[in-house]
Structure formats: structure tokens, C-alpha cells
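Derivation of every value follows stated rules applied to the coordinates shown; laboratory data play no part. Remember, it's a predicted structure, so these values are computed and weren't measured experimentally.
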Amino acid sequence: MAKLRLGVIVGIEEGAEGIRKVRQLGLPTCQVAGWNPRTFNDENARALTDACRSEDVEITTIWNGYPGPGYWNLIEGPATIGFVPPDYRRMRIDCLKRGAEFAKKIGVPSITTHAGFIPESPFDPLYPGTVAALTEIANHCLDLGLFFCFETGQETPVTLRRVMFDVGTNNLGINLDPANLMMYGKANPVDALDLLGPYVKGVHCKDGDYPTEPRSLGPEKPLGEGRVNFPVLIPKLKSFGFTGALTIEREISGEQQIVDIKRAMEILDPLC
């Protein structure tokens, strides 16, 4: 089996400079994240396409955020994140459709997002509207020949599989964020692969721990210092036929972020 490739996440606003930073780290892939639908424009498409060609970097997915409020905690999060809150669905659907069209334009095979705190019960009154919103996005991606990927974290693995079944299109995948599964208190990521493994198209290599306070997420940590068991996780991913990129994510900024990314590269490279 070919060696898995490493990557990092860059913001769409970084443009060509973001792609150059990927190459300066010696990495061949990245995910490009954009939250503002206005950034999915022709100027950014040209800048990213030209930079990827000149730096020999592949964008593996567009990480498609969305407008409106978002509180990344366990209390306000369910009412503000993703496609569960009805008040924000329409503008977020439109944003992801625009992101999908941007991905198609620059030759990227998928978009990825957080769907939100999907209700555990399919009889929850918010569940049908959430599924309808996700189905509309998935069908738009299908028309464009793209995959639509769910990032793990805010829902249990069985709920995620249920919603994928209920959406029912054949272009659905998972961007596995093992730290998120722990930080949101939803699952052990190694065990979660028993249910999610065949559907994983991408991975965020991020580390963290379980919550110890009922209002807040568990802490993110530098890779190697949290409880994600990468030496077990990555071989198990490979056992399901995973051949995608391992995208390092460190949710801080500044010089320490680069230090932690380079340390993550050292830990992950022998596992690839």
C-alpha cells in the first residue's frame, strides 16, 4: 500500500501565500477552509489554482464553513452550529452550494463541514428539517460530481450513520476528526471506526481529551499529548482501505502552531 500523505489546513483568505506555506513545511496536501461565501470567488479560484500548480500542492477538500453565529461549546452550540437551528438553514445551505461550485471550479473532489448537533432521536422535531437541508446540499454536490463529507464530533457515530442513511445519496463521506469525538464526549475514535471506517475520505490529525466540565469541550492538545491513539488509529484506518490525506490541525496561531505542526509531522510520518 502506498504511503499516506500528510497535509495541513489553510484559510482561503491566505491565497497563494497559504499554499506556499504548505510547501515550505514540505507537505504535499492541504485542506482549504472558507467561512464567508464571498470568498468563493473567481479571484481566489485563480490564485489557489496557480499556486497549487507552481508549488505542486493538492487541495484535498474545501472545508466549507457558513455564516451566522456559532458557539463551539456544549450549551449554546446545539442552537447555533450547523444545519440543526432552523433560523440559519437557508443561508447556510446557499453558502455550501456556493462552496461546492467553487470546489468544482478548481478541481477539488469534495466539500466538508460540521452538520451540527444532530438530534439523537429521529423523532426529534428538528431532525426532519436537518435531514432535508443536508439532502439538498448532498444532491447539489452530486450534480457537480463531488463528495459531501461530514466532519465528526458533534454527534455520536451511530447518529452520523443514521443521518447519512436518511439522506441516502451515494456521494457521502466522513472527515474523521478523532480529537473532536473525544472533545465533544461522543466516542473513542478507534472504536468509532468500527462504524465509520468504510466511509472515511479524509482525516484531521488533531489531539485532545474528553470533557471534564459539563459546559465546555474537552481541551485540544498538541498531537502526541492527548488521548488519541494514533499508532492504533492509523493502521485501523488503513485496514478499511483508507488512502486519503492525513491533515494536521492545530487550533492555535503563531509560532507555537508551526512548532506543534512540525512535531506532529515527526510523530505521524512513521505511521503513514
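Here are a few things to note about the model shown:
- Using θ = phi - 60° in the Karplus curve 6.51 cos²θ - 1.76 cosθ + 1.60, the 3J(HN,Hα) couplings for region 110-125 round to 7, 10, 9, 7, 8, 6, x, 7, 4, x, 5, 8, x, 8, 4, x Hz; x is entered for Gly and Pro.
- Proximity of backbone amide H atoms, modeled 1.01 Å from N, is registered between E58 and T29, C30 at under 5 Å, excluding neighbours fewer than 5 places apart on the same chain.
- Sequentially through region 157-165, phi angles give Karplus couplings (6.51, -1.76, 1.60; θ = phi - 60°) of x, 5, 5, 4, 5, 5, 5, 5, 5 Hz, Gly and Pro residues having no value and appearing as x.
- Cross-link pairs beyond the 21 Å C-alpha cut-off, checked among K104/K238; K206/K262; K3/K236; K236/K262; K97/K221; K186/K238: K104/K238; K236/K262; K97/K221; K186/K238
- Span from the region 208-249 Cα centroid across to the region 101-178 one, whole angstrom: 21
- Kirkwood hydrodynamic radius (C-alpha pairs) into Stokes-Einstein, region 12-141, 20 °C and 1.002 mPa s, D in µm²/s: 137
- The phi-based Karplus calculation (6.51 cos²θ - 1.76 cosθ + 1.60; θ = phi - 60°) puts the 3J(HN,Hα) values of region 34-41 at x, 10, 9, x, 5, 7, 7, 10 Hz, whole numbers, x for Gly and Pro.
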